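Some notes on the structure that comes next.
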Amino acid sequence: MSPQELKRVLQAGLLSFPLTDFDAQLRFAPRPYAERLEWLQPYGASALFAAGGTGEFFSLEPQEYAEVIQVALDTCRGRTPIVAGAGGGTTLAIKYAQEAERLGAQGILLLPHYLTEASQEGLVAHVEAVCRSVRFGVIVYNRGACRLTPTSLLALAERCPNLIGFKDGVGDIEKFVAIRQTLGERFAYLGGLPTAEVFAGAYKAMGCPVYSSAVFNFIPTTAMDFYNAHASGDTATCDRLVRDFFLPYIALRNQGEGYAVSIVKAGATIVGHSAGPVRPPLSDLKTAEVGALAKLIARLGPQ
């Protein structure tokens, strides 16, 4: 898939980040992971981001990373494009990106470099180096320590033809509008705030109609119903689901640090598709919190 073909895929349809399955000893579990991807296939996500944030990229070591991407590609080949997560310092991010390309992924989502702050010049050099190390499409994730300005993105757009996507996980409306107006149709724009459904209407109004759904991992029918209502302008359905499910869900998610991933794994367990525990430094939901989540999910009906 060429970078421009990937860009077209990313501009319509629901995107999602499959969980990464671990066993009780916190080892990667390839067979349950493949079964998870098979379960999610018929629901119709337009692309899946393997080993992304919800897939605990930050807890995987390089050999495991290669295994996760390989299983995702083997399972979804010919049906759903696989975009691999990649991140860390520049040298390491390049190695992840090149490994994903070698394995046959359709592109990468370049996650933040994590710990240290960086200048715009440094961020541009980092993203450019990763883009130049591969031929396939790159989406940059604007979040955490990686917060790019319109000027920086314009420079990257001119230097890196394969940089085809911008995913926003910051939620700075002024900055996003400036980026969208400066770059125009040069990028595919993706909403990337945690529990993106709550922000979907606002992002659509700013020219970003597509987002990635974490809840697709455990309530795929509802996730698709929400996306279809969002895409068709059915605000009544969107408002109902935000009020009755997503806002209570967010209140539960906010009870613990790092719960944006943990609550999704808990949801998968509740609906009978457990991905096992999260790895430290994340922690699993407490028993009472799991019970509250189960009640919320039950209101939605069969998935």
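Points worth noting:
- Residue in the stretch 98-111 that is open to solvent by 10 Å² or more (accessible area, probe 1.4 Å) and on the phi > 0 side of the Ramachandran plot present: yes
- Just one of the listed residues (Gly207, Gly122) is open to solvent by 20 Å² or more (accessible area, probe 1.4 Å), farther than 28 Å from Leu103 by Cα and either touching a Lys or Arg at 6+ places or on another chain (Cβ under 6 Å) or assigned to a strand (DSSP E or B) (or both), and it is Gly207.
- Of note, Ala97 satisfies the criterion of being in a helix (DSSP H, G or I), hydrophobic (A, V, I, L, M, F, W, C), within 17 Å of the chain's Cα centre (by Cα) and closer than 26 Å to Glu117 by Cα.
- Residues satisfying the stated conditions in the stretch 213-268, i.e. free of Cβ contacts under 8 Å to residues at least 60 places away in the same chain and outside any helix (DSSP H, G or I): Gly233, Asp234, Asn254, Gln255, Gly256, Glu257, Gly258
- Scanning the stretch 1-16 for residues being open to solvent by less than 10 Å² (accessible area, probe 1.4 Å) and assigned to a loop (DSSP other than H, G, I, E, B) gives a total of 1.
- Test: residue in the stretch 30-43 that is touching an Asp or Glu at 6+ places or on another chain (Cβ under 6 Å) and open to solvent by less than 20 Å² (accessible area, probe 1.4 Å): yes
- In the stretch 126-156, the residues that are outside any loop (DSSP other than H, G, I, E, B), open to solvent by 30 Å² or more (accessible area, probe 1.4 Å) and more than 21 Å from Phe176 (Cα to Cα): Ala129, Arg132
- Scanning the stretch 215-260 for residues that are hydroxyl-bearing (Ser, Thr, Tyr), under 19 Å from Ala292 (Cα atoms) and over 17 Å from the mean Cα position of the chain (by Cα) yields Thr222, Tyr249.
The values are calculated or read from the model by the stated rules, or taken from the named source; none is laboratory data. Everything numeric in this text was worked out from a predicted model, so none of it was measured. Methodologically, a virtual Cβ is constructed for each residue, glycine included, from the backbone with ideal geometry; neighbour enumeration extends over all protein chains shown. In case anyone asks, the SASA skips ligands and DNA or RNA and just uses the protein heavy atoms, side chains included. Shrake-Rupley method; radii C 1.70, N 1.55, O 1.52, S 1.80 Å.
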